[in-house]
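Working notes, beginning with the structure itself.
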Amino acid sequence: MSKGTVSILGLGAMGSAVAARLRETGYATTVWNRTAAKTEPHVQAGAQAAATITEAIEAGDIVIAVLLDHASIHQNLEPVAAELKGKVLVNVTTTTPNESRATAAWAAEHGITYLDGAIMAVPGMIGQPGARLLYSGDENAFGIARPALETLGTAEYEGADAGLASLKDMALLASMYQMFGGFLHAVAMMRTVGVPAADTANEVTGWLAAILPAMQGYAPLVDSGAYDPAPGQDVAFTRPALASIIAASREQGVGADFLEPLKKRLDELAATGRDTADWVSVIEQLTIR
Ligand code: FVH
């Protein structure tokens with residue numbers, strides 16, 4: 001006996017993983033994809049294929065959209081708003097917070113119970129330990145869809161503002177890309193003397209593991225705003241430290257393109273008399289006024 005009916009719109013790498021997991025965990029799944037051929041392996045595994053998006057929506061109490069982006073969501077869902085009325089629509093397509101809020105407003109106008117989602121996992125992680133999915137928007141929708149969503153990974157409700165899941169997703173990804181940018185900078189420096197990337201990966205992993213707890217110390221400092229005098233390393237100390245890293249990179253024929261913007265922001269702090277402030281006060285430079 002099926003646990004419920006779920007329709008999945010979009011069978012790219014992620015949509016396929018989501019559809020497979022729901023089917024394997026006992027949900028009656030109906031799949032739709034713009035390129036219909038991608039439904040075939042799912043049908044062979046026991047899913048129903050819908051010939052049209054309308055047919056797919058009609059088949060599921062819960063509709064999960066896993067399309068490419070915000071534009072593809074609206075291009076495909078706006079014409080079927082009437083069919084979505086009364087359904088729980090969970091959109092795990094990556095969008096910006098404001099795009100998520102816009103979709104939530106559109107859904108509310110059309111009587112669609114809407115939950116926005118963000119997937120902190122790659123397709124191979126779906127249903128495996130470590131897969132984390134964030135949701136925000138209609139709490140009632142989260143309650144209804146939760147058992148199905150929990151088959152995909154941990155299901156964390158961030159709040160009623162539909163943009164919250166996306167905001168956290170983007171914030172975590174911002175930290176990830178800058179961390180990996182730093183790793184690539186280190187690799188580029190070390191390979192100038194023949195050190196393979198694998199060795200530098202080991203070094204960077206160990207160094208970051210040792211230094212990461214410092215983040216817990218920076219957090220209350222940022223929350224308090226009590227930067228001056230610096231409880232840790234001040235701007236006057238950190239600017240020449242970064243200048244040395246940038247100079248060393250250039251000496252080795254490596255651009256310090258990822259690091260230079262940080263140095264520039266510290267220069268701005270120094271130029272406005274904030275040499276004695278903690279260097280993490282640079283966060284205040286990020287606010288766009
Ligand atoms: N794959 C990943 O690792 C990441 C992990 C974090 C979350 N993302 C987001 O998930 C969304 C889907 O990603 P995906 O990996 O499934 O992406 P693709 O394999 O490229 O599949 C895209 C699907 O979207 C369909 N599609 C694209 N444009 C349209 C359109 N205009 N109308 C209808 N469908 C459209 C596409 O259909 P087709 O090309 O097969 O016909 C695929 O089903 C995404 O937001 C990630 O950021 C995944």
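The values are calculated or read from the model by the stated rules, or taken from the named source; none is laboratory data. Keep in mind it's a predicted model, so treat the numbers as computed, not measured. Counting neighbours? That spans all protein chains shown, and the Cβs are built from the backbone with ideal geometry, glycine included.
Over 22 Å from residue 160 (Cα atoms), in a helix (DSSP H, G or I), away from the ligand (no atom under 14 Å from the Cβ) and at pLDDT 95 or above: is that true of residue 40 in this structure?
Numbers: over 22 Å from residue 160 (Cα atoms): yes; in a helix (DSSP H, G or I): yes; away from the ligand (no atom under 14 Å from the Cβ): no; at pLDDT 95 or above: yes.
Answer is no for this residue.
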Query raised in the report: Only one of these conditions is not met by residue 23: (1) away from the ligand (no atom under 16 Å from the Cβ); (2) free of Cβ contacts under 8 Å to residues at least 60 places away in the same chain; (3) in a loop (DSSP other than H, G, I, E, B). Which number is it?
Result: (3)
**Report entry** Identity of the residue in the stretch 181-240, acidic (Asp, Glu) and closer than 16 Å to residue 276 by Cα, that ends up surrounded by the most Cβ atoms within 10 Å (Cβ to Cβ)
**Finding:** 234
Query - Failed criterion for residue 50 (all others in (1) of a type in the set (A, V, I, L, M, F, W, C); (2) away from the ligand (no atom under 15 Å from the Cβ); (3) touching a helix residue (DSSP H, G or I) at 6+ places or on another chain (Cβ under 6 Å) hold) - result: (2)
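Mind listing whichever residues of the stretch 109-124 are of a type in the set (A, V, I, L, M, F, W, C) and away from the ligand (no atom under 16 Å from the Cβ)?
Within the stretch 109-124, the first condition is being of a type in the set (A, V, I, L, M, F, W, C), and the residues that meet it are 112, 115, 118-122.
112, the sole residue that qualifies.
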Query raised in the report: Has the stretch 243-262 got at least one residue that is among the charged types (D, E, K, R) and in contact (Cβ under 8 Å) with a residue 24 or more places away in the chain?
Result: no
Query raised in the report: Are any residues in the stretch 54-79 of a type in the set (A, V, I, L, M) and over 18 Å from residue 111 (Cβ atoms), and if so, which ones?
Result: 56, 59, 64, 66, 67, 68, 71
Requested in this report: Show the residue pairs that are 6+ apart or on different chains and have beta-carbon atoms under 7 Å apart, the first residue being within the stretch 135-162 and free of Cβ contacts under 8 Å to residues at least 12 places away in the same chain, the second being buried (at least 18 other Cβ atoms within 10 Å of the Cβ) and not in a loop (DSSP other than H, G, I, E, B).
Outcome: 146/155
Query raised in the report: Do you know which residues across the stretch 53-108 are more than 10 Å from the ligand (Cβ to nearest atom) and not in a helix (DSSP H, G or I)?
Result: 60, 61, 62, 63, 64, 85, 86, 87, 88, 89, 90, 96
